[in-house]
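Asker: Before I ask anything, let me first share the structure, which is written out below as structure tokens.
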Amino acid sequence: MKRLPTAQFAEFIEFFPPLELPLSLLPDLSQIPSDPLPLPGVLQDAFILPFESDEMDEFTEYIPYGRISGTKDYYAMIYWKAGVMRYEFILGTYSAEGDPLSHAIVGGLRYEEEGVLHSVAVIHEDLSITIAEGIAESDDKDLNPEQTQTYQMAISPSGVIMYETNEEDKEE
């Protein structure tokens with residue numbers, strides 16, 4: 001009887017080089033390693049797909065980007081997701097044992113009816129995240145300032161990714 005391979009979280013971590021903060025994630029392919037080390041299917045199934053199961057198809061690729069250094073009780077990994085008409089940086093957090101905690105899209109490029117949505121993220125040393133996104137009518141057009149917005153996220157001490165409330169929005 002053939003033994004099925006098992007996924008080890010320690011092995012998964014090794015595919016993600018340490019990243020120093022602050023870190024900017026831009027919606028272009030230049031930040032993706034030109035010759036990425038492929039993530040074995042057993043590791044992808046165990047540690048990426050729990051966040052992605054509702055959108056998985058045969059055209060989607062996942063490439064390890066890096067892990068945020070300096071976290072104590074959890075791991076924060078960034079992977080690049082390439083699919084049909086979308087490229088995204090995903091931040092996923094895991095317990096020290098490898099259990100999925102939280103995930104969020106933190107940057108990328110996505111084609112929508114209104115145009116091309118560009119998202120840029122800065123992950124700060126305090127683990128706060130600033131995301132700016134806007135829509136351009138096509139790849140070669142500038143972003144429309146009226147359709148550009150920023151928002152904040154943060155990684156909590158327990159590893160949960162939270163959207164932060166904008167104080168200006170509270171007053172309305």
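Asker: How many of the residues making up the range 89-105 are assigned to a strand (DSSP E or B) and either free of Cβ contacts under 8 Å to residues at least 24 places away in the same chain or surrounded by fewer than 15 Cβ atoms within 10 Å (Cβ to Cβ) (or both)?
Answerer: Residues meeting the conditions: 2.
Asker: Just to be sure I understand the filter: pairs with C-beta atoms under 9 Å, separated by 6 or more residues or on different chains, first member in the range 113-135 and surrounded by 15 or more Cβ atoms within 10 Å (Cβ to Cβ), second member basic (Lys, Arg) and assigned to a loop (DSSP other than H, G, I, E, B). Which pairs pass?
Answerer: Every condition considered, the pairs that remain are GLY115/LYS141; VAL116/LYS141.
Asker: Further question: Taking the conditions exactly as written (at pLDDT below 90 and either of a type in the set (Val, Ile, Thr) or in a strand (DSSP E or B) (or both)), does GLY108 satisfy them or not?
Answerer: Judged against the criteria, GLY108 is not a match.
Asker: How many residues are more than 16 Å from GLN8 (Cα to Cα) and not acidic (Asp, Glu) if we restrict to the range 39-73?
Answerer: 15
Asker: Moving on. When you look at THR165, is it modelled with pLDDT under 95, surrounded by fewer than 19 Cβ atoms within 10 Å (Cβ to Cβ), among the hydroxyl-bearing types (Ser, Thr, Tyr) and farther than 21 Å from ILE32 by Cβ, yes or no?
Answerer: Working: modelled with pLDDT under 95: yes; surrounded by fewer than 19 Cβ atoms within 10 Å (Cβ to Cβ): yes; among the hydroxyl-bearing types (Ser, Thr, Tyr): yes; farther than 21 Å from ILE32 by Cβ: yes.
Against the criterion (modelled with pLDDT under 95, surrounded by fewer than 19 Cβ atoms within 10 Å (Cβ to Cβ), among the hydroxyl-bearing types (Ser, Thr, Tyr) and farther than 21 Å from ILE32 by Cβ), THR165 qualifies.
Asker: In the range 111-132, which residues are outside any strand (DSSP E or B) and modelled with pLDDT under 95? Please lay out each step first, then the result.
Answerer: Our first condition is that a residue be outside any strand (DSSP E or B); within the range 111-132, this holds for 113-114, 124-127.
Within the range 111-132, GLU113, GLU114 meet the criteria.
Asker: Could you please give the count of residues in the range 73-87 that are within 14 Å of the chain's Cα centre (by Cα) and under 13 Å from VAL116 (Cα atoms)?
Answerer: Final tally of qualifying residues: 2.
Asker: If the requirement is being part of a loop (DSSP other than H, G, I, E, B), out of contact with any strand residue (DSSP E or B) (no Cβ under 6 Å at 6 or more places or on another chain), at pLDDT below 75 and surrounded by 11 or more Cβ atoms within 10 Å (Cβ to Cβ), which of these qualifies: PRO38, PRO33?
Answerer: Result of the check over PRO38, PRO33: PRO33.
The values are calculated or read from the model by the stated rules, or taken from the named source; none is laboratory data. Model, not experiment: these values are computed from the prediction. All Cβ positions, even for glycine, are placed from backbone atoms using ideal geometry, and neighbour counts span all protein chains on display.
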